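Heads up, the thing below is written out as structure tokens.
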Amino acid sequence: MLRALIWDVDGTLAETEIQGHRVAFNEAFAAAGLPWCWDEALYRRLLQVAGGRERILHYLRTARPPLPGRWRDPATWEELARRLHRDKNARYARLVAEGRIPLRPGVRRLLAEARAAGLRQAVATTTSPENVEALLRHALGAEAEGLFKAVVAGDMVPAKKPAPDAYLLALERLGLPAEACLALEDTPQGLAAARAAGLVTVVTSEEPGPFSGAALVVGHLGDPGRPAPVRDDPYRVLAAGGMVDLAALRRLHRAARGRG
Ligand code: XBP
């Protein structure tokens, strides 16, 4: 029986990356006097590295961007990444507070439906806890109150996605086995993490993937009058013009678990 939903945050609950984190990273670079600019194409590639601090370090090590003064010494890069990341997060929180990052279609509806049906819900994300907090507070307001039984974020686990750690800790905090839960993700790394934790996984994304191993792939979850764009539905759980609602997720969970 399906007893819980575990949600990824960035890209799944809301389109936070390109117009949120990326913009905030670029603002932080400019404020630090660094002539770096992460355009959309570059940022999409950098998203393969989970975690903002880790992403900056990866960029420093692989792209070797221009650096002033003491930052030329690789021994200072950990500190540089930490400082830039802290500033980026403050700027990201401001973007969220300005209401620039709305929830994706169907998210509010499905969160409310699952809550009303008594399912437990959790968050499993590699983003920092304060970013999750800011997003939930501004996008959901009072609806966020008591919505999630567990929020696993950032450095609460030793290894970020695609490692399964965040999902395994969310399961532990939910007090449920993987067989009773379903994950919602948006990236190949997130999908790999959820699958490695033994979870049936729905992918909501308009990006190309690859998403093999997902039980359902939709462009978004859909809303009344706005069907979910179905990209891959191997268990045939969505009717034409339908949306991803709890009934569809229960059908999917039964079918996918039945296949083992
Ligand atoms: C997405 C991430 C994060 C964000 C930036 O996490 O990889 O690193 O891009 O957030 P998820 P931080 O898809 O698991 O929600 O700078 O706080 O890491």
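A compact table of results
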item: Förster radius 45 Å - calculated FRET efficiency between R137 and R70, Cβ distance, rounded to 0.05; result: 0.75
item: Whichever aspartates and glutamates have a C-alpha closer than 13 Å to that of K161, once near sequence neighbours (fewer than 8 apart) are set aside; result: D8, D10, E54, E185, D186
item: Accessible carbon and sulfur surface of the stretch 17-97 relative to its total accessible area, %, 1.4 Å; result: 51 percent
item: Summed side-chain charge close to E145 - residues other than E145 whose Cβ falls under 12 Å, Lys, Arg +1, Asp, Glu -1; result: +1
item: Whole-Å distance, taken between Cα centres, linking the stretch 96-167 and the stretch 1-25; result: 7 Å
item: Cα→Cβ-extended label distance, 7 Å offset, between E78 and T62, nm; result: 2.1 nm
item: Where W38, W71 fall by accessible area, highest first, once all protein chains stay in place (1.4 Å); result: W71, W38
item: For E130, net neighbour charge (Lys/Arg +1, Asp/Glu -1) across residues whose Cβ lies under 15 Å away; result: +3
item: Lys, Arg +1 and Asp, Glu -1 on Cβ, resulting dipole of the chain about Cα centre, debye, nearest 20; result: 280 debye
item: GluC sites (Glu not before Pro), loop per DSSP, at most 13 other Cβ atoms within 10 Å - longest free stretch of the chain; result: 1-97
item: Computed [θ] at 222 nm, helices only, for the chain once each DSSP H run of length n ≥ 4 contributes -39500 (n - 2.57); result: -12500 deg cm²/dmol
item: In the stretch 55-137, the trypsin sites (Lys or Arg not before Pro) that fall in loop regions by DSSP, at most 15 other Cβ within 10 Å; result: R100
item: Accessible area of the stretch 139-221 belonging to carbon and sulfur atoms, whole % at 1.4 Å probe; result: 54 percent
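The values are calculated or read from the model by the stated rules, or taken from the named source; none is laboratory data. Nothing here was measured: the structure is a model prediction, and the numbers come from that model. As a convention, Cβ positions derive from the backbone with ideal geometry for all residues, glycine included, and neighbour counts pool all protein chains shown. For the accessible areas, the whole protein counts, side chains as well, though only heavy atoms, and no ligand, DNA or RNA atoms are used. Shrake-Rupley method; radii C 1.70, N 1.55, O 1.52, S 1.80 Å.
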